[in-house]
Amino acid sequence: MLFRTLLLSAAVIATTSLPAAAQRRGDETTPKDCPESLPAGTECFAGRDMRGAYYWIAKPKNWNGVLVVHAHGGPRTAKPKPDDPVEDLERFAVTVQEGYAWAGSNYRRQGYGVRMAAADTDNVRRIAERLLGEPKTVLLHGQSWGGNVAAKTAELYALDWRGHKNYDGVVLTSGLLAGGSRGYDFRADLRAVYQYYCKNHPRADEVQYPVWQGLPKGASMKREELEKRVDECTGLSLAKDKRSPEQARNLANILAVTHVPEKTLVAHLAWATGMFQDIVWRRLDGKNPFDNSQVQYKGSDDDAALNKGVERFKADPQAQRAMVYDADLTGQIVLPTITLHARKDPTVFVNHEAIYRQTVEKAGNGDLLQQNFSDEAEHSKLSTPQYAALFSAMLSWIDRNEKPTKQSVAALCEEKRKTYNEACKLLPEFEPAVE
């Protein structure tokens, strides 16, 4: 059945109306030793919810009543483990250092599924509220793919059945905000362009399959094997003067056409391998959500030959609709939303922010969106005081009903820099364009 996770959505929605006792049938929440990066006196708790998702919750000693509900990125491809949420708890320890409680789920299963992850994210909010007591303010935070998850959570679960707010504000950092239908198409292009030049993924003597599948059903490929193939073709791991002329040409063409940074080429190919396999075979019953049938590739040393010889594929309408339903964003937001994105993000390109603004404004909600950009070339973790400034700006927006500006967020960051001793790299004048 197409997109099995989507077929569960009605059951997920129904579950949110179950009595609290029924929702607590997962493992009991138990105290845990907190990571050393958290402030002294912080209390930590962990458990597993009724759907099988592991979660962690942290409460600082002098909790100020603010709860940050976190949606992690990925998607993770390994089977969930009990302590998976600790990685992001440590990465975003600034939230606890600012006096906020933190709650994060690792989702009920590995692999793709934005609506599934959104449901599990909202569920950990309810668990945290029962454990901690009713918070003064609830903020929703998502990083990377978790930005897509958090934005979808805000569209689906911002209000309860009575119209009361479940959350007060949304913070999205390095977010994949173009949604599923536009957020992964460049990786499908990458697989096609890479195969045109390299012809080793798959090799000629291996089972042949369309590159949009990622891998054949049931097949596997370790990261080391993928790195080996990329190295054979491009000499990526070699110094520039050690690459053969053919390797240098292949690498230059692939990067110029796809605009993928050299340092994340293998990472993007890995997502276009294992993650595409997960999407196509486990979520879409082998159907293709990607389409390059009309794409004209540019930037190579012979565009005519590339466009004539590159593998072409057309999306299955049913698969495309399922991808849109699961992961695309509508812009129908009801909560103040602040974003932060590095101008040179090598993983989720900054134009995602322009696409999201376009989506939100088209829905008539531009007054609820405030965006910020930094002069960084990072993705997974940006400069610490910038996060502190975002959350402070959001709380001020909620409390005073005054929308922040890029300039006011930058000023807040300078104040936070005194505490965290890291640089503020915000760019108050920068604004990306839709490409």
| field | Residue in region 97-116 that is farthest from residue 179 (Cα to Cα), counting only those that are out of contact with any strand residue (DSSP E or B) (no Cβ under 7 Å at 6 or more places or on another chain) and buried (at least 24 other Cβ atoms within 10 Å of the Cβ) | value | 107
| request: Would you be able to tell me the number of residues in region 54-70 that are part of a loop (DSSP other than H, G, I, E, B) and modelled with pLDDT of 95 or more? | output: 5
| Of residues in region 159-187 being surrounded by fewer than 21 Cβ atoms within 10 Å (Cβ to Cβ) and touching a strand residue (DSSP E or B) at 6+ places or on another chain (Cβ under 8 Å), the one nearest to residue 380 (Cα to Cα) | 166
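Would you be able to tell me the number of residues in region 369-381 that are of a type outside the set (D, E, K, R) and touching a strand residue (DSSP E or B) at 6+ places or on another chain (Cβ under 6 Å)?
Residues flagged as of a type outside the set (D, E, K, R) and touching a strand residue (DSSP E or B) at 6+ places or on another chain (Cβ under 6 Å) within region 369-381 amount to 6.
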| query | What pairs come up if the first residue lies in region 299-315 and is farther than 15 Å from residue 195 by Cα, the second is assigned to a helix (DSSP H, G or I), and their beta carbons are under 6 Å apart, counting only those six or more places apart or on different chains? | reply | 299/256; 299/257
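Let's see how each residue does on (1) among the β-branched types (Val, Ile, Thr); (2) in a loop (DSSP other than H, G, I, E, B); (3) under 20 Å from residue 81 (Cα atoms); (4) not assigned by TED's automatic domain parsing to the domain that holds residue 278:
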{"residue": "117", "(1), (2), (3), (4)": "no, no, yes, yes"}
{"residue": "135", "(1), (2), (3), (4)": "no, yes, no, yes"}
{"residue": "141", "(1), (2), (3), (4)": "no, no, no, yes"}
{"residue": "146", "(1), (2), (3), (4)": "no, no, yes, yes"}
{"residue": "175", "(1), (2), (3), (4)": "no, yes, no, yes"}
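Taking the stated definitions as given, is residue 78 surrounded by fewer than 24 Cβ atoms within 10 Å (Cβ to Cβ) and of a type outside the set (Val, Ile, Thr)?
yes
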| message | Could you go through region 359-382 and let me know if any residue there is crowded, with 22+ Cβ neighbours inside 10 Å, of a type in the set (A, V, I, L, M, F, W, C) and assigned to a loop (DSSP other than H, G, I, E, B). | response | yes
| task | Determine whether region 208-216 contains at least one residue that is surrounded by 15 or more Cβ atoms within 10 Å (Cβ to Cβ), β-branched (Val, Ile, Thr) and assigned to a helix (DSSP H, G or I). | result | yes
| task | Could you tell me whether any residue of region 307-325 is modelled with pLDDT of 95 or more, at positive phi and out of contact with any strand residue (DSSP E or B) (no Cβ under 9 Å at 6 or more places or on another chain)? | result | no
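Quick check on my filter: what residues within region 318-346 are of a type in the set (A, V, I, L, M, F, W, C) and within 24 Å of residue 264 (Cα to Cα)?
Answer for region 318-346, where residues must be of a type in the set (A, V, I, L, M, F, W, C) and within 24 Å of residue 264 (Cα to Cα): 327, 340, 342.
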| field | Any chance residue 402 is in contact with a helix residue (DSSP H, G or I) (Cβ under 9 Å, 6 or more places away or on another chain) and assigned to a loop (DSSP other than H, G, I, E, B) | value | yes
| task | For region 148-158, name all the residues that are in a helix (DSSP H, G or I), surrounded by fewer than 24 Cβ atoms within 10 Å (Cβ to Cβ) and of a type outside the set (D, E, K, R). | result | 156, 157
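The values are calculated or read from the model by the stated rules, or taken from the named source; none is laboratory data. The shown structure was predicted, so the numbers you read here are calculated from the model rather than taken from an experiment. Positions of Cβ are generated from backbone atoms using ideal geometry, with glycine treated the same way; all protein chains shown enter the neighbour counts.
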